[in-house]
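Engineer: There's a structure below that I have some questions on.
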Amino acid sequence: MYEKDDPRSSLATAARPDTGDAIAAAQYLDLRATPVVRAQNVILIHTDARDGDDLDNGTLEGELAIVVTDASPAFTVLTADGTTKVDSPGLVVVPPGASRISVHGDGPLVRLVEATEPAWRDRPANADAYAEDHPRVALLERWPAPAEQRVRFYPLSEVPDDPKRFGRIFRTRSFMVNFLPLQDGPRDPRKLSPHHHDDFEQLSLAVQGEYVHHIRTPWLPDSSTWREDEHVRIGSPSVTIIPPPTVHTSEASDPGVNQLIDIFSPPRVDFSEKPGWVLNADDYPMP
């Protein structure tokens, strides 16, 4: 399914027997209309922040991740242990406990928290889609804790793109975030990469440009559950939640710059097993 020069072509292909459980529908969510949304294990909060805003993250049982893009403002993370100034793109990881964000400019910020967090679990606009756990999605079990609990910032400026590596990947105990390379203009429709995942959702966060998400739902024996192929065009900011085991690929379509960030919860084992792919693996060990 991957081109031979795609770094993912060396990933192992699963051969897991099908469970027969119902396959969930994909979700296409405009983050300006629905700024707080969720998948099975993660809640995503999109904020159009303004200079002087004070964002209360609540007192969290798990870590907080903050996705910082080129359009994001500078900000300061405040915890009981002190302050951390962030003024460039990358990933911020905040340890459990109370924290706030003081904003120093205008622009979008994306926060990730675990779906079970009491301060956030009732807020997602699509909460009804997860009134019951999706049987095909593995529930989150946190990966090992880092040796030291502190705020960490992983700036993208320190990690250039490398065609031998798939994007720029960071992980926490609960999340994996992959900053994919900027796509200048539309993707070549002759070089797409349809593939599927056995037991985890993919959140494709569009932060620039426009994408067409192509999704095919496998046929189960009950034909009343079959779905037509979907080819859904959506702009930014948006998030598309892709359920397993649908076959999917995303096609950048804007003539300008397109940027996609993929989010997974829990972290992906297959990406983590590739030497050098997870850029903060020394901080966050595998199980």
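Engineer: Express the relative contact order of the chain as a whole percentage, based on alpha carbon pairs under 8 Å and six or more residues apart in sequence. Don't skip to the end; give the middle numbers.
Structural biologist: On the way: 680 pairs, mean separation 66.1, N = 287.
Averaging sequence separation for qualifying contacts and normalising by length gives 23 percent for the chain.
Engineer: For the chain, what is the calculated [θ] at 222 nm in deg cm²/dmol (nearest 500), taking -39500 (n - 2.57) for each run of four or more DSSP H residues and dividing by its residue count? Don't skip to the end; give the middle numbers.
Structural biologist: Values: 1 runs with 4 residues, N = 287.
Per the formula, 0 deg cm²/dmol.
Engineer: Count charges around VAL103 for me, please; just the other residues with Cβ under 14 Å from its Cβ, Lys/Arg as +1, Asp/Glu as -1.
Structural biologist: Numbers: positive: ARG50, LYS85, ARG100, ARG111; negative: ASP48, ASP51, ASP53, ASP54, ASP56, ASP87, ASP106.
Net charge around VAL103: -3.
Engineer: Of all accessible surface on the chain at a 1.4 Å probe, what whole percent is carbon and sulfur?
Structural biologist: Numbers: 6580 of 13440 Å².
On the chain, the fraction of accessible area on carbon and sulfur atoms equals 49 percent.
Engineer: If you don't mind, there's one more thing I want to ask. Apply the a/c threshold of 1.5 to the C-alpha gyration tensor of segment 51-98 and tell me whether it is rounded, prolate or oblate.
Structural biologist: It comes out prolate by the Cα gyration axes.
Engineer: Largest first, how would TYR130, TYR28 line up by accessible area (1.4 Å probe)?
Structural biologist: On the way: TYR130 10, TYR28 60 Å².
The ranking, largest first, comes out as TYR28, TYR130.
Engineer: With every protein chain left in place, what is the accessible area per residue of the chain in square angstrom, probe 1.4 Å? Write out the running numbers ahead of the final one.
Structural biologist: Details: 13440 Å² over 287 residues.
Ligands and nucleic acids excluded, the figure is 47 Å² per residue.
Engineer: To the nearest Å, what is the center-to-center distance of segment 188-241 and segment 102-159, using C-alpha atoms only?
Structural biologist: 22
Engineer: How big is the accessible area of GLU63 in square angstrom, nearest 10, if you roll a 1.4 angstrom probe over the protein chains?
Structural biologist: Rounded to the nearest 10, the figure is 10 Å².
The values are calculated or read from the model by the stated rules, or taken from the named source; none is laboratory data. It should be emphasised that the depicted structure is a prediction, and the values quoted were computed from it without experimental measurement. We place every Cβ from the backbone using ideal geometry, glycine too, and count neighbours over all the protein chains shown. These area figures cover heavy atoms from the full protein model, side chains too; ligands, DNA and RNA do not enter into them. Shrake-Rupley method; radii C 1.70, N 1.55, O 1.52, S 1.80 Å.
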